[in-house]
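Report on one structure; see the data block that follows.
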Amino acid sequence: YKPGVYELTGPEKLNFKDIAHEASSAIGVEINYEQIDSKQMEEYLKHHHEICENEIMFMCDLFKAISKNMLTKKTDDLKKMLDSSPHTVKSFLKKNARDFKPHN
């Protein structure tokens, strides 16, 4: 790749509903996406994960941007840098389905 400024995006435009659908298909368990607000997301992350405050704020900002369809741009810059196609959400989930399946 050539030095420069690149816009790194995934190979597809997805929203949370799309990701829930792909995850359901990959692991064979029905997953339904329910919209929550950023405050609910922040509280969940604070109480359910060992994540530092800066990471929580970053994840909440990203969550807000995705929820408002602000990250819909798709580029081929990552493909050019890797010299191969990046994984789609579907291919990533299928490859790693075992790690996402609920444990009994």
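His48 - would you say it is modelled with pLDDT under 90 and either of a type in the set (Phe, Trp, Tyr) or open to solvent by 90 Å² or more (accessible area, probe 1.4 Å) (or both)? When the stated conditions are applied, His48 passes them. Restricting attention to segment 89-104 and to residues that are loosely packed, with under 10 Cβ neighbours inside 10 Å and free of Cβ contacts under 8 Å to residues at least 60 places away in the same chain, the residue that is farthest from Pro3 (Cα to Cα) turns out to be Asn104. Quickly run through segment 1-50 and pick out the residues that are more than 21 Å from Lys64 (Cβ to Cβ) and among the basic types (Lys, Arg). Answer for segment 1-50, where residues must be more than 21 Å from Lys64 (Cβ to Cβ) and among the basic types (Lys, Arg): just Lys2.
Of all residues in segment 16-27, exactly one satisfies the criterion of being polar (S, T, N, Q) and open to solvent by less than 60 Å² (accessible area, probe 1.4 Å), namely Ser24.
Would a scan of segment 64-73 turn up a residue that is touching a Pro at 6+ places or on another chain (Cβ under 9 Å), more than 16 Å from Glu30 (Cα to Cα), of a type outside the set (A, V, I, L, M) and at pLDDT below 90? No: segment 64-73 contains no residue that is touching a Pro at 6+ places or on another chain (Cβ under 9 Å), more than 16 Å from Glu30 (Cα to Cα), of a type outside the set (A, V, I, L, M) and at pLDDT below 90. Of the helices (runs of 4 or more DSSP H) lying entirely inside segment 29-88, the ones with 2 or more residues being without any contact (Cβ under 8 Å) to a residue 40 or more places away in the chain and either within 15 Å of Ile19 (Cβ to Cβ) or of a type outside the set (Gly, Ala, Ser) (or both) are found at 38-48, 53-67.
The values are calculated or read from the model by the stated rules, or taken from the named source; none is laboratory data. In this text the structure is predicted, and so the values were computed from the model without any measurement. All Cβ positions, even for glycine, are placed from backbone atoms using ideal geometry, and neighbour counts span all protein chains on display. All accessible areas refer to the heavy atoms of the entire protein, side chains included, with ligands and DNA or RNA removed. Shrake-Rupley method; radii C 1.70, N 1.55, O 1.52, S 1.80 Å.
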